[in-house]
Amino acid sequence: MSILQILEFPDPRLRKTASPVTVFDAKLEVLIEDMLETMYEADGIGLAATQVNVHKRLLVIDVSENKDSPQTFINPSFEIIEDELVEYDEGCLSVPGFYETVSRPAIGKVSAQDLTGEAFELDAYGILSTCVQHEIDHLNGKLFVDYISALKRQRIRNKLEKEHKKSA
């Protein structure tokens, strides 16, 4: 397994729309293992393939307290079950060091495929619901900063660009 490079905002590759996964093989399994290792190493709870410059509809999540319950969602979709919104202070491995309050539907049904291509569904609520929606946004070329004001988004962009120049 290996640690993958996580793209950071405002990298334009984060805006690409991911393509469906059509091949379920050992290469996909290695990618999933690498994504999980990368997510854990970065102390995250979710990671979309887009964030590691793989533009396939794949995401990994682990919202467990002990970080011992990884979940993989291939070709995921989210259907809102209740219109009630919840607010979370969201952060993102692609927008390091920044957290902003985002409102999202509280409960939804996630449909996806597992590593073998087998379809499954589950009801998502709480932090899992928020995390799945956040990661699916990545697959659609959207980031949590798109939910905040243009002024705040520009400030974050300027700070990250300045940091990128320092480290280059």
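The values are calculated or read from the model by the stated rules, or taken from the named source; none is laboratory data. Since we're looking at a predicted model, the values are computed, not measured. Ideal geometry is used to build each Cβ from the backbone, glycine not excepted, and the neighbour counts take in all protein chains shown. Calculation scope for accessible area: heavy atoms of the full protein, side chains included, ligands and nucleic acids excluded. Shrake-Rupley method; radii C 1.70, N 1.55, O 1.52, S 1.80 Å.
A few remarks follow.
- The one condition in (1) open to solvent by 20 Å² or more (accessible area, probe 1.4 Å); (2) in a helix (DSSP H, G or I); (3) in contact (Cβ under 8 Å) with a residue 40 or more places away in the chain; (4) not β-branched (Val, Ile, Thr) that ASP123 fails to fulfil: (2)
- Candidate set: the range 134-163, residues that are over 13 Å from GLY91 (Cα atoms) and touching a Lys or Arg at 6+ places or on another chain (Cβ under 6 Å); chosen: the one surrounded by the most Cβ atoms within 10 Å (Cβ to Cβ): LEU139
- The one condition in (1) open to solvent by 20 Å² or more (accessible area, probe 1.4 Å); (2) out of contact with any Phe, Trp or Tyr (no Cβ under 8 Å at 6 or more places or on another chain) that ILE107 fails to fulfil: (2)
- Among the residues of the range 81-114, the ones that are assigned to a strand (DSSP E or B) and farther than 24 Å from SER149 by Cβ come to 9 in all.
- Meets criteria (more than 21 Å from SER111 (Cα to Cα) and surrounded by 15 or more Cβ atoms within 10 Å (Cβ to Cβ)) for PRO76: no
- Residue check, LYS162 in a helix (DSSP H, G or I) and over 11 Å from the mean Cα position of the chain (by Cα): yes
- When GLY117 is tested against (1) assigned to a strand (DSSP E or B); (2) small (Gly, Ala, Ser); (3) in contact (Cβ under 8 Å) with a residue 60 or more places away in the chain, just one condition goes unmet, and that condition is (1).
- Residues being open to solvent by 40 Å² or more (accessible area, probe 1.4 Å), at pLDDT 95 or above and not in a helix (DSSP H, G or I) - total across the range 1-41: 12
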